[in-house]
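Enquirer: This is the structure I have questions about; it appears just below.
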Amino acid sequence: MTMRCLIVVLLLFAISQRVASQPVGDSENGKILWLETEHVECRDCHGDNGEGGFGPDLAGRDLTRAQFIHAVRKPWGIMPAFAESQISDAELTDLIAYFDTLPGVDEPAPWRREVPAGASRGLAAATTTGCTQCHHPLFNNGRAVMGATNATFEWFIGIVYAHTAAYPPTRASLGEPPFERLAMGSFSPSRVPESMLRDMWTYITDLGFRPRLRGQLSAGVPSSDGVVYTLTVDNSGIEGIGLTAEDVTVTLVVPSGASVVAASGAGYQGISRDAEGNADVAVWKVPRMAAQYHETFTLTLSQAGTAENDLRGRIRWAVPEVTTAFVNIAPPAPPGAPAH
Ligand code: HEC
Ligand code: HEC
């Protein structure tokens, strides 16, 4: 072998070693991770197909592994940082492989939510820092957690700046296991200063904390006189601390074609016509639902609803008076899904 030949062979070997030492992701895993995993909420900012939005487009960008991982762990700008415990380097490598299979976009998509005209300083701050891309401008779920824990500004700061550390104790105080993976990421105080959080806090407290009410419907169970639906309602606030809902109305929309055979549960009022929804509704009225309230209601229908037109409903309250003083009742889990 000539000297030149040897050098070429050695060079090729070195290059192949370099390529082999770079971990290569699994694009199929990456696709599932991006599209179907709840804890990966990057989509809210980068688009369902990496077409961009609040954050830049990622599809077909051919970013290197180092560039990609750096952007997630030590973001350049406003993006919240995600820790290894939230999304691992191996998972990020799979995402890179997935984006490499997608064609690039000609024009990145616009922000999903723009600053609304006439927005207060707090709402403008929550939009320009990306919070409302995930939380919706009304922060309904966030305000329910704040109502359940009677949150303070110090707690709020902890959630935003040190989400990974601050959130598990919050879940524990609500009597819930910590999420296995946390979806939000931690914002940097150098990008989102405390003065902006003060404005957001004013905006959120003006909307008002919500009592943390939840309603869950079971699937219909056939019985001798029809199909029985069970509705479980609870206030999952911390006992003695979480907000009480007063003057509560629970309604279930009767599917067309079915009639009500029987109903149970405290405060049943009968059927009335809901002019707004143009449907018959079964109505219950409950004076107070304090933190740790738990009640079961049943409704027996002459026949089951259909997949398109099944039983559904709402829980509304008059006190505390807040923006969006209702929650939608969760439909039955699809067969085979784990219990909630
Ligand atoms: C709140 C919105 C938001 C979320 C959530 C978010 N990003 Fe970003 N991302 C951005 C913005 C904005 C940038 C531009 C740089 C910056 O501001 O840090 C960015 C930049 C990036 C970049 C660099 C792109 C480039 O052009 O160099 C990558 C890679 C990235 N994000 C991946 C992710 C991944 C993966 C997740 C989820 C784990 C995620 N992002 C979650 C907003 C977001
Ligand atoms: C990528 C989506 C995303 C972005 C962006 C985001 N959050 Fe969150 N946030 C979540 C999720 C999901 C949770 C629930 C806990 C979890 O999964 O980490 C949460 C939890 C919270 C909570 C605790 C109450 C609750 O709802 O559980 C507060 C308060 C909060 N976020 C405020 C903010 C603020 C303020 C910003 C902007 C500075 C922001 N979030 C940006 C997704 C996001």
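Enquirer: Is it fair to say residue 114 is without any contact (Cβ under 8 Å) to a residue 40 or more places away in the chain, more than 22 Å from residue 32 (Cβ to Cβ), touching a helix residue (DSSP H, G or I) at 6+ places or on another chain (Cβ under 8 Å) and not in a helix (DSSP H, G or I)?
Expert: Answer is yes for this residue.
Enquirer: Yes or no: residue 91 within 23 Å of the chain's Cα centre (by Cα), of a type in the set (Asp, Glu) and away from ligand 2 (no atom under 15 Å from the Cβ)?
Expert: Here the answer is yes, as residue 91 does meet what is asked.
Enquirer: Being of a type in the set (Val, Ile, Thr), assigned to a helix (DSSP H, G or I) and within 9 Å of ligand 2 (Cβ to nearest atom) is the filter here, so list the residues in segment 117-141 that pass it.
Expert: 132
Enquirer: Which pairs have Cβ atoms under 8 Å, sit 6 or more apart or on different chains, and link a residue in segment 142-170 that is within 7 Å of ligand 2 (Cβ to nearest atom) to one that is part of a helix (DSSP H, G or I) and hydroxyl-bearing (Ser, Thr, Tyr)?
Expert: 145/170; 159/167; 159/170; 170/149
Enquirer: Filter segment 211-250 for residues that are closer than 15 Å to residue 288 by Cβ and among the small types (Gly, Ala, Ser); which is most open to solvent (accessible area, probe 1.4 Å)?
Expert: 240
Enquirer: State which residue pairs qualify: first residue farther than 15 Å from residue 149 by Cα and inside segment 231-243, second residue assigned to a loop (DSSP other than H, G, I, E, B) and small (Gly, Ala, Ser) in any location, beta carbons under 8 Å apart, and separation of 6 or more residues or different chains.
Expert: Close Cβ pairs satisfying both conditions: 231/218; 231/265; 232/218.
Enquirer: Another question about this same structure. Assess whether residue 165 counts as being under 26 Å from residue 87 (Cα atoms) and in contact with a helix residue (DSSP H, G or I) (Cβ under 8 Å, 6 or more places away or on another chain).
Expert: Considered against the rule, which asks whether it is under 26 Å from residue 87 (Cα atoms) and in contact with a helix residue (DSSP H, G or I) (Cβ under 8 Å, 6 or more places away or on another chain), residue 165 comes out as yes.
Enquirer: Within segment 191-301, considering only strands (runs of 3 or more DSSP E) that don't extend past its boundaries, which have at least 2 residues that are under 26 Å from residue 311 (Cβ atoms) and β-branched (Val, Ile, Thr)?
Expert: 226-235, 245-253, 260-264, 279-289, 294-301
Enquirer: Turning to a different aspect of this structure: When you look at residue 40, is it open to solvent by 60 Å² or more (accessible area, probe 1.4 Å) and at pLDDT below 95, yes or no?
Expert: It is false that residue 40 is open to solvent by 60 Å² or more (accessible area, probe 1.4 Å) and at pLDDT below 95.
Enquirer: Conditions first: (1) more than 10 Å from ligand 2 (Cβ to nearest atom); (2) within 28 Å of residue 30 (Cα to Cα); (3) buried (at least 20 other Cβ atoms within 10 Å of the Cβ). Residue 81 passes all but one, so which condition is the exception?
Expert: Here residue 81 clears every test but (3).
Enquirer: Restricting attention to segment 98-108, which residues are in contact (Cβ under 8 Å) with a residue 12 or more places away in the chain and more than 13 Å from ligand 1 (Cβ to nearest atom)?
Expert: Of everything in segment 98-108, those that are in contact (Cβ under 8 Å) with a residue 12 or more places away in the chain and more than 13 Å from ligand 1 (Cβ to nearest atom) turn out to be 101, 102, 103.
Enquirer: Give the residues of segment 45-86 that are modelled with pLDDT under 95 and within 6 Å of ligand 1 (Cβ to nearest atom), sorted by residue number.
Expert: Answer for segment 45-86, where residues must be modelled with pLDDT under 95 and within 6 Å of ligand 1 (Cβ to nearest atom): there is none.
Enquirer: Name the single residue, out of those in segment 117-127 being buried (at least 19 other Cβ atoms within 10 Å of the Cβ) and touching a residue at least 40 places away in the same chain (Cβ under 8 Å), that is farthest from residue 56 (Cα to Cα).
Expert: 122
Enquirer: Can you list residue pairs whose Cβ atoms sit under 7 Å apart, with the first residue in segment 299-322 being of a type in the set (Lys, Arg) and the second being not in a strand (DSSP E or B)? Count only pairs 6 or more apart in sequence or on different chains.
Expert: From residues that are of a type in the set (Lys, Arg), the pairs are 312/329; 312/331; 314/329; 316/325.
Enquirer: Checking the structure you have, find out if any residue of segment 323-331 is in contact with a Pro (Cβ under 8 Å, 6 or more places away or on another chain) and open to solvent by less than 90 Å² (accessible area, probe 1.4 Å).
Expert: no
The values are calculated or read from the model by the stated rules, or taken from the named source; none is laboratory data. It should be emphasised that the depicted structure is a prediction, and the values quoted were computed from it without experimental measurement. When we count neighbours, we look across all protein chains shown, and the Cβ atoms used for this are built from the backbone with ideal geometry, even at glycine. Ligands, DNA and RNA are excluded from the accessible area calculation, which covers all protein heavy atoms including side chains. Shrake-Rupley method; radii C 1.70, N 1.55, O 1.52, S 1.80 Å.
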